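Novice: Could you have a look at this structure, given as structure tokens, before my questions?
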Amino acid sequence: MKTGILEFRYGHSKNFAERLRRKGSYSINLGDWIQSLAVQMLVESIGVPPEKIVGVDRDSLATYSGPPLRLIMNACFLEHSFPLPPQVEPVFIGFQTSSRGLIEKHLEFFKRYQPIGCRDTSTRDLFREAGVDAYVTGCLTMSLPLRTEHPTDGKSFFIGGDGPGKMPDGLKKGAPPAVARASVDLYQREQVRSFPLNDTDAATAKRLASELLDLYRKEAALVVTPLLHAAGPSLAMGIPVILARKDERDRFTAINRLLPVYTPGDFDAINWNPACPEIEDLKQTLAAVVARGLEGGGPTANERRVLAEFYERQPCLTPELAASRARRETQSFWRKLPLLRTLFGH
């Protein structure tokens, strides 16, 4: 049986279609294609020959009509990708959804394939609340191989995107001089002019994603980013990461067990010389779970235990970050005190 890896053509995005109509182009997230590359590298590393790997568009998955395959479901999903056609057997590792309705609508389907390996704790909790066995795997971008050489004159890559993934205002102003001098601003998106993506634009997106990974691997001494699919791959490759965002969302409730997530009120507490967490056991376990899934099996009890050791714990806080948040909570209480006295008549 062939092995499917997800690609991204965006055919269900009304927003992208409207931007193309009004402006003649729209930008896509190259982090999606970094996911595709990471999964491809992983399945090849566990012995799947390239000729047995098939790219499958997430956004037209429900109408897939190709050969039978086992498809690794490492991505964000909405209702339009379901139900799956009969020739697609899902391997639920790195699955993410925010839609309780999706789970409830296809509850018997998900129960058939439980346990569901989820990309974050929020998705896991949605499944468990629906009575489906689920556990956290994180994202398979965390499986990328550790780099073997470190740059002698490395750069500080500030990697941003659009919307919630934009680089927060004022972040770089707090950087130490050595980090600022070595800083390079990068934009992990690409303008395209086809909708859905045609084969040429899809191939270009995959090539650009590969070039970005090569750049990070060879030249980054530090990555500063609000993007999950810049932070995760960099951690996997052994690059120190500062994950700083405008806000902290449910999609980050796995990676925040491995490193702090800073938001604007925390920027004065950023450790600009972070250590890179040791995750080789995590990566080996992910590879084993994927290999077992492609054989039609589920994770062993020991594999679930190892994953739980990484993800079934409290979010990561440095002492400086914990102190910063405690100060903010205290300040918030004193600001609210006059209102509380008015409400309760004191």
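Novice: Among the helices (runs of 4 or more DSSP H) contained in region 29-122, which hold 1 or more residues that are touching a residue at least 24 places away in the same chain (Cβ under 8 Å), assigned by TED's automatic domain parsing to the domain that holds residue 258 and on the phi > 0 side of the Ramachandran plot?
Specialist: none
Novice: Of the residues that make up region 134-153, is at least one of a type in the set (Val, Ile, Thr) and more than 21 Å from the chain's Cα centre (by Cα)?
Specialist: yes
Table: residues versus (1) under 15 Å from residue 30 (Cβ atoms); (2) surrounded by fewer than 17 Cβ atoms within 10 Å (Cβ to Cβ); (3) in contact (Cβ under 8 Å) with a residue 60 or more places away in the chain.
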site: 170; (1), (2), (3): no, yes, yes
site: 175; (1), (2), (3): no, no, yes
site: 193; (1), (2), (3): no, yes, yes
site: 196; (1), (2), (3): no, no, yes
site: 200; (1), (2), (3): no, yes, no
site: 206; (1), (2), (3): yes, no, yes
site: 209; (1), (2), (3): yes, no, yes
site: 212; (1), (2), (3): yes, no, yes
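Novice: Out of 270, 279, report the one residue that is among the β-branched types (Val, Ile, Thr), in contact (Cβ under 8 Å) with a residue 24 or more places away in the chain and within 23 Å of residue 299 (Cβ to Cβ).
Specialist: 279
Novice: What's the number of the condition residue 130 fails, among (1) under 22 Å from the mean Cα position of the chain (by Cα); (2) farther than 23 Å from residue 290 by Cβ?
Specialist: Unmet for residue 130, out of (1) under 22 Å from the mean Cα position of the chain (by Cα); (2) farther than 23 Å from residue 290 by Cβ: (1).
Novice: For residue 166, all conditions in the list (1) of a type in the set (Lys, Arg); (2) closer than 26 Å to residue 257 by Cα; (3) in contact with an Asp or Glu (Cβ under 7 Å, 6 or more places away or on another chain) hold save one; what is the number of the exception?
Specialist: For residue 166, the failing item is (3).
Novice: Among the strands (runs of 3 or more DSSP E) lying completely within region 148-206, list those that include at least 1 residues that are farther than 30 Å from residue 11 by Cα.
Specialist: Filter on region 148-206 gives 155-160, 183-187.
Novice: May I ask you to list pairs of residues, at least six apart or on different chains, whose Cβ atoms are under 7 Å apart, with the first in region 220-248 being in contact (Cβ under 8 Å) with a residue 60 or more places away in the chain and on the phi > 0 side of the Ramachandran plot and the second being hydrophobic (A, V, I, L, M, F, W, C) and surrounded by fewer than 24 Cβ atoms within 10 Å (Cβ to Cβ)?
Specialist: 238/146; 238/276
Novice: Moving to a separate point now. If I ask for residues that are free of Cβ contacts under 8 Å to residues at least 24 places away in the same chain and not charged (D, E, K, R), which ones from region 132-148 would you list?
Specialist: Selection gives 134, 148.
The values are calculated or read from the model by the stated rules, or taken from the named source; none is laboratory data. No experiment lies behind these values; they were computed from the predicted model shown. Note that we place each Cβ from the backbone using ideal geometry, even for glycine, and neighbour counts take in every protein chain shown.
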